[in-house]
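The values are calculated or read from the model by the stated rules, or taken from the named source; none is laboratory data. Worth saying up front: this structure is predicted, and the values here are computed from it rather than measured. Because the Cβ atoms are built from the backbone with ideal geometry, glycine has one as well, and the counts that use them run over all protein chains shown.
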Amino acid sequence: MKKIFKFIGISILFVVLTVLTQVGGVLLLVSILLAKKFRIQSGLQKVGLFLVIYVLTTFVIIPPIAKVFGRLALPMSGTSQVRPNNLLMCFLNRHYVKPKLYKLIHDVAGQMNANKKSSSQLRYLDANFPFLNGFPLLPHRSHDDGEKIDLAFMYVDRANHTPWKDRVSLLGYGFFEEPARGEVNMPQQCAQKGYWQYGLLSKLPGLEAHEQVQFDEFANATLIKLLSKHPDTRKIFIEPHLKSRLGFGNNNKVRFHGCAAVRHDDHIHLEL
């Protein structure tokens with residue numbers, strides 16, 4: 001019976017690690033085999049062995065292999081014009097894109113920083129896993145081919161209107177720019193149609209900034225304009241009220257993503 005429970009536990013952990021990181025399940029099995037080979041008995045030592053294998057694989061081995069298979073790791077450095085909203089995304093191997101998307105993001109980041117009025121780092125959220133087209137990056141409906149990425153919106157400090165340089169939520173999602181009176185309220189419409197998941201991201205922990213920040217309409221409009229003008233951009237998803245408010249009503253690249261997805265007034269979805 002003990003062996004059965006152990007097998008079930010390892011199986012569940014394998015699935016969870018695979019869903020979250022793509023490679024974690026396989027590395028778990030590798031660490032178990034190595035622990036047996038070297039007769040490691042301590043549970044703490046087994047966890048340590050797995051973490052060492054996982055970190056070395058994630059940050060040393062995977063990036064050059066993924067490059068061979070046509071995906072590049074986005075920068076992790078805070079000094080880069082493009083940076084993660086949270087390093088956790090990189091630790092989970094969710095920061096890989098195709099070279100064309102990598103270039104697109106850096107082209108636009110360079111243009112943003114050349115404009116003093118909109119100068120700011122581009123913060124990315126979820127992108128894609130390093131390997132295999134069609135491997136789902138849950139909970140996203142897409143992000144499975146290296147051609148999609150979520151970008152954080154830009155904000156200013158309400159007190160002095162300087163660019164807000166910290167994240168506004170732990171994972172970058174769930175901090176909504178709500179529809180104003182008279183604007184299309186798609187979150188309400190989708191909820192009325194029974195799409196319960198549409199506003200689910202508001203339940204995420206770590207919505208940190210709250211009243212301290214203000215949505216930067218100029219910087220976000222500039223960013224979306226530059227993204228839409230890039231020849232490699234195929235689609236941009238944001239909420240209809242922001243599309244109208246920011247002046248993209250006639251821009252066919254800027255679209256509504258549908259009620260079956262989740263709200264997009266907390267981030268920009270970009271795809272080739």
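For the stretch 43-73, how many residues meet the condition of being buried (at least 18 other Cβ atoms within 10 Å of the Cβ), of a type outside the set (Phe, Trp, Tyr) and farther than 27 Å from Ile149 by Cα? Counting residues in the stretch 43-73 that are buried (at least 18 other Cβ atoms within 10 Å of the Cβ), of a type outside the set (Phe, Trp, Tyr) and farther than 27 Å from Ile149 by Cα gives 1. What pairs can you find where one residue is in the stretch 145-157 and within 16 Å of Lys235 (Cα to Cα) and not assigned by TED's automatic domain parsing to the domain that holds Ala219, the other is at pLDDT below 95 and of a type in the set (D, E, K, R), and their Cβ atoms are less than 7 Å apart, with a gap of 6+ or different chains? Here the result reads none, with nothing in the stretch 145-157 linked to a residue that is at pLDDT below 95 and of a type in the set (D, E, K, R). Examine the stretch 20-28 for a residue that is out of contact with any Gly (no Cβ under 8 Å at 6 or more places or on another chain), in contact (Cβ under 8 Å) with a residue 24 or more places away in the chain, within 26 Å of Ile10 (Cβ to Cβ) and part of a loop (DSSP other than H, G, I, E, B), and state whether such a residue exists. Yes, the conditions are met somewhere in the stretch 20-28. The single residue among Asp232, Asp265 that is of a type in the set (Asp, Glu), part of a loop (DSSP other than H, G, I, E, B) and in contact with an Asp or Glu (Cβ under 7 Å, 6 or more places away or on another chain) turns out to be Asp265. Looking across Ala219, Ala260, Ala191, one residue alone is touching a residue at least 24 places away in the same chain (Cβ under 8 Å), surrounded by fewer than 19 Cβ atoms within 10 Å (Cβ to Cβ) and assigned by TED's automatic domain parsing to the domain that holds Ile149. It is Ala260. Close contacts from the stretch 47-72, counting a first residue that is in contact (Cβ under 8 Å) with a residue 12 or more places away in the chain and within 25 Å of Lys98 (Cβ to Cβ) and a second that is surrounded by 14 or more Cβ atoms within 10 Å (Cβ to Cβ) and among the charged types (D, E, K, R), with Cβ to Cβ under 8 Å and a gap of 6+ residues or different chains, come to Gly70/Lys98; Arg71/Lys98; Leu72/Lys98.
This table checks each residue for (1) part of a helix (DSSP H, G or I); (2) within 17 Å of the chain's Cα centre (by Cα); (3) at pLDDT 95 or above.
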residue: Ile65; (1), (2), (3): yes, no, yes
residue: Gly78; (1), (2), (3): no, yes, no
residue: Tyr102; (1), (2), (3): yes, yes, yes
residue: Gln111; (1), (2), (3): yes, no, no
residue: Ser120; (1), (2), (3): no, no, no
residue: Asp126; (1), (2), (3): no, yes, yes
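Looking across the stretch 1-39, the residues that are farther than 30 Å from Ala127 by Cβ, surrounded by fewer than 16 Cβ atoms within 10 Å (Cβ to Cβ) and among the aliphatic types (A, V, I, L, M) come down to Met1, Ile4, Ile8, Leu33, Leu34. State whether the residues of the stretch 242-252 include one that is charged (D, E, K, R), assigned to a loop (DSSP other than H, G, I, E, B) and in contact (Cβ under 8 Å) with a residue 12 or more places away in the chain. No, because not a single residue in the stretch 242-252 is charged (D, E, K, R), assigned to a loop (DSSP other than H, G, I, E, B) and in contact (Cβ under 8 Å) with a residue 12 or more places away in the chain.
Yes or no: Ser77 loosely packed, with under 11 Cβ neighbours inside 10 Å and in contact with a strand residue (DSSP E or B) (Cβ under 9 Å, 6 or more places away or on another chain)? Criteria met by Ser77.
Within the stretch 80-100, the residues that satisfy the criterion of being closer than 24 Å to Leu223 by Cα and assigned to a loop (DSSP other than H, G, I, E, B) are Ser80, Gln81, Asn85, Asn86, Leu87, Arg94, His95, Lys98. On inspection, Gln81 fails the criterion of being touching a residue at least 60 places away in the same chain (Cβ under 8 Å) and in contact with a helix residue (DSSP H, G or I) (Cβ under 9 Å, 6 or more places away or on another chain).
Only residues that are over 17 Å from Ile268 (Cβ atoms) and not basic (Lys, Arg) were counted in the stretch 199-244, giving 14.
Considering only residues in the stretch 145-164 that are more than 30 Å from Gln22 (Cα to Cα) and buried (at least 17 other Cβ atoms within 10 Å of the Cβ), the one that is modelled with the lowest pLDDT turns out to be Trp164. Given the structure, is Arg167 surrounded by fewer than 19 Cβ atoms within 10 Å (Cβ to Cβ) and more than 12 Å from Arg263 (Cβ to Cβ)? No.
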